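Asker: Please find one structure pasted underneath; my questions will follow.
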Amino acid sequence: EATKTVAGTNVDYKVVLPNGYDPAKTYPGILVFGGGPQTMGTIDRTLERNFQAEAEERGYIVVAPAAPNGELFFQGGERLIPEFLDLIMAEYRIEGRKFHVAGPSNGGIASFHVAASHPEYFLSVTAFPGYMWRPSNAKLDAISGMCVFMYVGEFDRYMWHNEMEKEAHYLSAKGTLARYTAEIGQPHGIATLTGAQAGRLFDGFEETVNGCSR
């Protein structure tokens, strides 16, 4: 756990390093946003459930910031992300100087919003679930060069299914590798992407080496 000062604001975050981490080596990077209030508590749960074990084993650096002063990363906190990532990349060698971005629920929404706002920093977007905050064709076009992976529980409610499927269809029509998956028998909190099955998220990250156009 660490803190960086970005534009006069303290951003608390956690880093997961690969097993046998060598600071002289370059590693793929993942920016992770927590769900709900995006506090350090939600980050801890997301890292434990979905990212830590696989990242350590497969050789990824994971960076997971908490919402600064309670500003969610699609309601003001996103303004700090470019400088924050620049500071991270001054400390860690990130492959291609681009990240995968991922998260559940509000973390998924933040992932889409941040990727659309600062596309030069990202290779892929993964939401489980999540969709574009205040969607527009322009914002979806901004991520059309990335790989996009969208997961939603079969029994999730509200607008998750309809909005996610609509955005996946739009991106696919643009030639983007955009995959929408309904997880059978799952509610909003998707258990089929946790523990041993969290590797499915990383399989998506690794798929980006083949390109993100269909």
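Asker: Hey, can you tell me all the residues within region 161-214 that are closer than 14 Å to residue 130 by Cβ and either without any contact (Cβ under 8 Å) to a residue 24 or more places away in the chain or loosely packed, with under 15 Cβ neighbours inside 10 Å (or both)?
Answerer: Of everything in region 161-214, those that are closer than 14 Å to residue 130 by Cβ and either without any contact (Cβ under 8 Å) to a residue 24 or more places away in the chain or loosely packed, with under 15 Cβ neighbours inside 10 Å (or both) turn out to be 161, 162, 165, 166, 168.
Asker: Now a separate question. Does residue 1 fit the bill of being under 25 Å from residue 131 (Cβ atoms), free of Cβ contacts under 8 Å to residues at least 60 places away in the same chain and among the acidic types (Asp, Glu)?
Answerer: no
Asker: Examine region 170-187 for a residue that is part of a loop (DSSP other than H, G, I, E, B), within 19 Å of residue 209 (Cα to Cα) and within 18 Å of the chain's Cα centre (by Cα), and state whether such a residue exists.
Answerer: Yes, some residue in region 170-187 is part of a loop (DSSP other than H, G, I, E, B), within 19 Å of residue 209 (Cα to Cα) and within 18 Å of the chain's Cα centre (by Cα).
Asker: Here is a further query. Given the structure, is residue 145 within 20 Å of residue 213 (Cα to Cα), touching a helix residue (DSSP H, G or I) at 6+ places or on another chain (Cβ under 8 Å) and part of a loop (DSSP other than H, G, I, E, B)?
Answerer: For residue 145, the condition - within 20 Å of residue 213 (Cα to Cα), touching a helix residue (DSSP H, G or I) at 6+ places or on another chain (Cβ under 8 Å) and part of a loop (DSSP other than H, G, I, E, B) - is met.
Asker: Report those strands (runs of 3 or more DSSP E) wholly inside region 1-78 carrying at least 1 residues which are at pLDDT 95 or above and more than 15 Å from the chain's Cα centre (by Cα).
Answerer: Of the strands (runs of 3 or more DSSP E) lying wholly inside region 1-78, those with at least 1 residues that are at pLDDT 95 or above and more than 15 Å from the chain's Cα centre (by Cα) span 2-6, 9-16, 27-32.
Asker: Then there is this: What number of residues within region 101-139 satisfy the criterion of being farther than 18 Å from residue 72 by Cα and open to solvent by less than 10 Å² (accessible area, probe 1.4 Å)?
Answerer: Residues meeting the conditions: 2.
Asker: Next question. Just name the residue that is nearest to residue 184 (Cα to Cα) out of those in region 129-142 that are in a helix (DSSP H, G or I) and not charged (D, E, K, R).
Answerer: By that ranking, first place goes to 140.
Asker: When both residues are 6+ apart or on different chains and their Cβ atoms are under 8 Å apart, which pairs have a first residue that lies in region 21-39 and is more than 17 Å from residue 114 (Cβ to Cβ), and a second that is open to solvent by 60 Å² or more (accessible area, probe 1.4 Å) and in a strand (DSSP E or B)?
Answerer: These pairs meet every condition: 26/95; 27/95; 28/95.
Asker: Specify which of the listed residues (57, 91, 48) is closer than 18 Å to residue 204 by Cβ, open to solvent by 60 Å² or more (accessible area, probe 1.4 Å) and out of contact with any strand residue (DSSP E or B) (no Cβ under 8 Å at 6 or more places or on another chain).
Answerer: After ruling out the rest, the residue left standing is 57.
Asker: Report every pair of residues separated by at least 6 positions or lying on different chains whose Cβ atoms are under 6 Å apart, first residue within region 131-148 and at pLDDT 95 or above, second β-branched (Val, Ile, Thr).
Answerer: That search, which allows pairs on different chains as well, returns 133/109; 143/125; 144/176; 146/125; 147/208; 148/125.
The values are calculated or read from the model by the stated rules, or taken from the named source; none is laboratory data. What you see is a predicted model; the values in this text were computed from it and never measured. In this analysis, Cβ positions are derived from the backbone assuming ideal geometry, glycine residues included, and neighbour counts consider all displayed protein chains. Surface areas here come from the heavy atoms of the whole protein model, side chains and all, with no ligands, DNA or RNA. Shrake-Rupley method; radii C 1.70, N 1.55, O 1.52, S 1.80 Å.
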